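Chemist: Handing you this structure, nothing more for now.
A short reminder: the numbers here are calculations on the coordinates, not readings from a lab. These numbers were taken from a predicted model, which means no experiment stands behind them. Methodologically, a virtual Cβ is constructed for each residue, glycine included, from the backbone with ideal geometry; neighbour enumeration extends over all protein chains shown.
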Amino acid sequence: MENVSKEHINEMVTTLYESWKGSLITAGLNSGIFASMNYNNPVTIDFLAEKMNYDREKLDKWFYFCSSAGLVSRMDGGYILSPKCHTFMPDSPFKDIVGFMRLNDFFMRSVVEAQHSFKKGNSLDKLTEGKITRNYQPSVSDNLSLELIEYFKQYNMGGDDTVLDVGCGIGAFARTVLKNIPTLRITGLDPNLFAIEWGRKENREKGLGEKLKMVVGDAVDDIGEFADKSFDWVIAVNLFHFFPVQHRLKLMENMIRIANKGVFFTETVIEKSKLAIAADPLMALLWNDYTGFFREEDVDNINNKLIAGHPEVKAVKHLILQNSTYLMTFIK
């Protein structure tokens, strides 16, 4: 105990404050309080308590904290959102921050169930009977992936191009891509029958049956059945951390083989960001099939092999998601 310094104590106090701060922001998002406010027109605690049927005293304590943290400001007897909130609100241009903030909600729930989610063969997704898989993609993954669409456009994805989305989940990102580039024809591939059926239902409701086809298939075993250059573009977003490192190169090779115009895939690297270091063990509590983010050595080794094996392809690496992830592009 004599080795515990004042600095250690201060660090733990700071850690606790930031953790509780994140919890209170998440509470404000999940409860709809933030969504009931704006940046110009103040709302009062009494108004929100009546409108949302929330306890006034609890709201008062929450607003006191948010005011002290610079998240809200007083105006004309009420409160408005501070500019700081614009980083994580749904209308924020910083979609990666929006996604990370929503991810905190999932992490908090996995921690509450840690005595179960840490066990071998168990996870929060299993405990919730697939609700994590169903809700994670539109809430988290798609926000983290939105900036990729600008790269797709930059490399001239468009017209009547065909796209294979490997590891499409429920197809939420594919639908977002179609919203931004509506002329595309997309095929989504995922091994999770539950996710595929859910996605097909969404597609029917949105009238996308002809534009977005979703099929059950394994990204390692079944992708080899696709013919060479059978799709103009092949994309894999937030996929590789669900595959063992030894299978990732084979999958990437198949993606390049199948693509006629180019390939896009993301690689989250642990050493690139404190966020990635902290998220890695928490992701393992969410899913049983999570295998881990890339290590810098592994990702460099794989990318170098791909580049050396395909001299005819132009390889470009973009750093995205608060410098935690590479977007690799291979353009033919």
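Chemist: Taking the alpha-carbon distance from residue 305 and a cut-off under 16 Å, which lysines remain once sequence neighbours fewer than 8 residues away in the same chain are dropped?
Modeler: 250, 314, 317
Chemist: Could you calculate the contour length gain from residue 47 to residue 18, that is, 0.36 nm times the residue separation minus the distance between their Cα atoms, to one decimal place in nm?
Modeler: 7.6 nm
Chemist: Which value, in debye to the nearest 20, gives the size of the charge dipole of the chain about its Cα centre, when Lys and Arg are +1 and Asp and Glu are -1 at the Cβ?
Modeler: 440
Chemist: I need to check one value: relative contact order of the range 152-279, counting alpha carbon pairs closer than 8 Å and at least 6 residues apart, in percent.
Modeler: Relative contact order for the range 152-279 comes out at 24 percent.
Chemist: With no solvent and one equal point scatterer per Cα, compute the Debye intensity ratio I(q)/I(0) for the range 148-306 at 0.15, 0.18, 0.19 Å⁻¹ and report its log10, rounded to two decimals.
Modeler: -0.84, -1.18, -1.28
Chemist: Moving on. When you count, for each residue, the other Cβ atoms within 10 Å and take the mean per peptide, how do 176-185, 234-243 rank with the highest first?
Modeler: Going by the mean number of other Cβ atoms within 10 Å, highest first, we get 234-243, 176-185.
Chemist: Just going by the charge dipole of the range 37-94, with Lys and Arg at +1 and Asp and Glu at -1 on Cβ, which of 49, 75, 88 is farthest out on the positive end?
Modeler: Of the candidates, 88 comes out farthest on the positive side.
Chemist: Still on this model: What is the magnitude of the charge dipole of the range 180-332 about its Cα centre, with +1 placed on the Cβ of each Lys and Arg, -1 on the Cβ of each Asp and Glu, and no other charges, expressed in debye to the nearest 20?
Modeler: In total the dipole reaches around 560 debye.
Chemist: Here's something else I'd like to know. Can you give me the relative contact order of the range 95-331 as a percent, contacts being Cα pairs under 8 Å and 6 or more apart?
Modeler: Once divided by the residue count of the range 95-331, the mean separation gives 19 percent.
Chemist: Let me ask something else. Whole Å is fine, so just give me how far the alpha carbon centre of the range 194-225 lies from that of the range 48-68.
Modeler: 43
Chemist: On full extension of the chain, what length is gained from residue 183 through residue 153, given 0.36 nm per residue of separation minus the C-alpha to C-alpha distance?
Modeler: Difference between extended and current length: 9.6 nm.
Chemist: Given only helices, namely DSSP H runs of n ≥ 4 each adding -39500 (n - 2.57), what is the per-residue ellipticity at 222 nm of the chain, to the nearest 500 deg cm²/dmol?
Modeler: -14000 deg cm²/dmol
Chemist: Something else now. Need one number: nm distance between label points at residue 4 and residue 127, each 7 Å from Cα along Cα→Cβ, rounded to one decimal.
Modeler: Taking the two extended label points, one gets 2.8 nm.
Chemist: If you don't mind, there's one more thing I want to ask. Given (1) 20.7; (2) 26.4; (3) 17.1, which label gives mean projected area of the Cα convex hull in nm² as computed from the coordinates?
Modeler: (1)
Chemist: Could you tell me which of the pairs 272/332; 126/153; 21/274; 95/179 are separated by over 26 angstrom between their Cα atoms in the structure shown?
Modeler: Violating the 26 Å limit, Cα to Cα: 272/332; 126/153.
Chemist: Once the range 1-115 is represented by equal point scatterers at the alpha-carbon sites, with solvent omitted, what log10 I(q)/I(0) does the Debye formula produce at q = 0.09, 0.12 Å⁻¹?
Modeler: Each listed q maps to, in turn, -0.30, -0.51.
Chemist: Also: Show me 96-105, 280-289 ranked by packing, highest mean number of other Cβ atoms within 10 Å first.
Modeler: By packing density, highest mean first, the sequence is 96-105, 280-289.
Chemist: Still on this structure, please answer the following. Relative to the Cα centre, what is the charge dipole magnitude of the range 1-65, using +1 at the beta carbon of each Lys and Arg, -1 at the beta carbon of each Asp and Glu, and rounding to the nearest 20 debye?
Modeler: With only Lys, Arg, Asp and Glu charged at Cβ, the dipole is about 200 debye.
Chemist: Based on alpha-carbon centroids, what's the gap between the range 280-320 and the range 74-135 in Å, whole number please?
Modeler: When both Cα centres are located, 25 Å separates them.
Chemist: Using 0.36 nm per residue, how much length does the chain from residue 206 to residue 315 gain when fully extended, once their Cα-Cα distance is taken away?
Modeler: Stretched out fully, the residue 206 to residue 315 stretch lengthens by 35.7 nm.
Chemist: While we're on this one: Nearest 10 degrees, 0 to 90: what angle lies between the long axis of helix 274-286 and the longest principal axis of the chain (Cα atoms)?
Modeler: Once rounded, one gets 80 degrees.
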